[in-house]
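To keep things clear, I will list the structure first and then write my remarks on it.
The values are calculated or read from the model by the stated rules, or taken from the named source; none is laboratory data. Just so you know, these numbers come straight off a predicted model, no measurement behind them. No Cβ is skipped: glycine too gets one built from the backbone with ideal geometry, and neighbour counts run over all protein chains shown. These area figures cover heavy atoms from the full protein model, side chains too; ligands, DNA and RNA do not enter into them. Shrake-Rupley method; radii C 1.70, N 1.55, O 1.52, S 1.80 Å.
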Amino acid sequence: MSYLFPNYARKDIEFMKGSKNTLTDQAGQSYLDFTSGIGVMNLGYEVPELNEILAEQAKLLWHTPNLYENHLQEEVAEKLANGKDYISYFCNSGAEANEAAIKLARKATGRTKIITFTNSFHGRTYGAMSATGQSGIQESFQPLVPDFVYLPYNDIPSLEQALDMQTAAVMLELIQGEGGVIPADEEWIQKIVELCKNTRTLLIIDEIQTGIGRTGTLYAYETYQIEPDIFTLAKGLGNGIPVGAMLGKKALAEAFNPGSHGSTFGGNKLAMSVANKVVEQVNQSIFLQDVQEKSKQLFAGLEKLAEKSKKIQAVRGKGLMIGLELSDPETLNQIVNDLQINGLLVLKAGKTVLRLLPPLTITPTEIDCGLQILEKVFIEGEK
Ligand SMILES: Cc1ncc(COP(=O)(O)O)c(C=O)c1O
């Protein structure tokens, strides 16, 4: 018997070792990883600098309460601000970062209504789940946190109607990840920014999956030429060490006065030592340019594959966050399994999308290898 709650549908393999962009299971079989532990292991499984810094900090000091100064939090916060006027609050996960964002927005504006979008995913805690526009995820957990309004994604008329002077915030992912790798339209985002400005509504961008280099820039919002009032990070920030962050414009500082919000472990010295190094490594133009080049290579290969295979209806995404919309949703599980049998790990998103989130350190040779496995499963499987 298992001593664990059955809340995950687990596959019956266990990974025992990771090296670079490859995982090895208990039977010794190796897999090329196009999942990054669901967008976490952006720097892959073997980063000596991270091991060293973690070991050094572990020898020195693991944890101090947030009642004392923490120079590592200051260093990470400065790096995350990336030259802009953002300040940080640190926590341990994506859902917690979104909880902080929701609380900050309500307190700073004195308003309660928050607009989010259908098929969004913001986490599993009560606030984050209430923000998540998927009834399947909320089912059996009512009553939810009140005053969340769900609108269709990429739709301007519904937004014009709903966004008013009672709205505290509009909260969204610039590419809906769990919902099916759906990018936001440029025009829609510009409209949101304009309406938020007119009504003094805060814009919250959930960068938990899109941030830390995943889409080819440090943050996905950079490519839309916008600056959100608040944005949230987790996943890739610690490359496997649990850490989350909520960043907000300096003007919002007063709303989070002492005693308003907090976390025992948030910004712990072990997590901060690693996050500090992760951001330093990712936020280099040479690294991010390389991600963009590899993205072009992977997209080109996938588009060629989509031309040849009737099973793929569309290829979409940005950087190394890519979704293949399948023509027949019934085939999704089988394809994921066949790819695994052939040594390639991939993810699902929504009911119809095969999601690829390789580590940002994936090499051009590994991309070709992944494409060959995809070609084998999609094309040979059709014969
Ligand atoms: C966009 C987005 N927001 C929030 C979360 C929740 O993060 P966590 O699982 O760390 O709580 C996720 C996780 O998949 C996510 O993709």
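How would you order 346-353, 316-323, 250-257, 188-195 from highest to lowest mean count of nearby Cβ atoms within 10 Å?
In decreasing order of mean packing, 346-353, 316-323, 250-257, 188-195 become 316-323, 346-353, 188-195, 250-257.
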Query - Relative contact order [Cα under 8 Å, 6+ residues apart], the chain, whole percent - result: 23
Report task. Pull up the DSSP beta bridges for the stretch 146-267 and report the antiparallel fraction as a percent, rounded to 5. Result -> 45
Query raised in the report: Tell me, what HN-Hα J-couplings in whole Hz come from the Karplus equation 6.51 cos²θ - 1.76 cosθ + 1.60 at θ = phi - 60° for each residue of the stretch 59-76, using x for Gly and Pro?
Result: 6, 7, 5, 7, 8, 9, x, 6, 8, 10, 4, 9, 5, 5, 4, 4, 5, 5
Requested in this report: Give me the distance between the Cα centres of the stretch 190-218 and the stretch 257-322, rounded to whole Å.
Outcome: 16
Report summary line: For the chain, the per residue accessible area (1.4 Å probe, Å²) is 47
Requested in this report: With the full set of protein chains in place, find how many percent of the accessible area of the chain is carbon and sulfur; take the probe as 1.4 Å.
Outcome: 53
Report task. Could you tell me what % of all Cα pairs in the chain have separations over 27 Å? Result -> 50
Report summary line: Ranked by GNM mean-square fluctuation in the chain (Cα springs under 10 Å), the top entry among TYR219, TYR89, TYR68 is TYR68
Requested in this report: Taking amide H positions as placed in the peptide plane 1.01 Å from N, state which residues far from LYS318 in sequence (5 or more) or on other chains have amide H under 5 Å from it.
Outcome: none
Requested in this report: List the GluC sites (Glu not before Pro) within the stretch 1-76 that fall in a DSSP loop (any state other than H, G, I, E or B) and whose Cβ has at most 16 other Cβ atoms within 10 Å.
Outcome: GLU14, GLU46, GLU69
**Report entry** Neighbour cut-off at most 14 other Cβ (10 Å), DSSP loop, chymotrypsin sites (Phe, Trp or Tyr not before Pro), the stretch 94-165
**Finding:** PHE141
Query - Under 13 Å from the Cα of LYS107 - aspartates and glutamates, other chains or at least 8 residues apart - result: GLU99, GLU254
Query - Rounded to 5, the percent of DSSP beta bridges in the chain classed as antiparallel - result: 65
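Among the listed pairs LYS235/LYS318; LYS17/LYS296; LYS79/LYS269; LYS249/LYS296, which are separated by more than 24 Å between their Cα atoms?
Going by Cα-Cα distance, LYS17/LYS296; LYS249/LYS296 fall outside the 24 Å limit.
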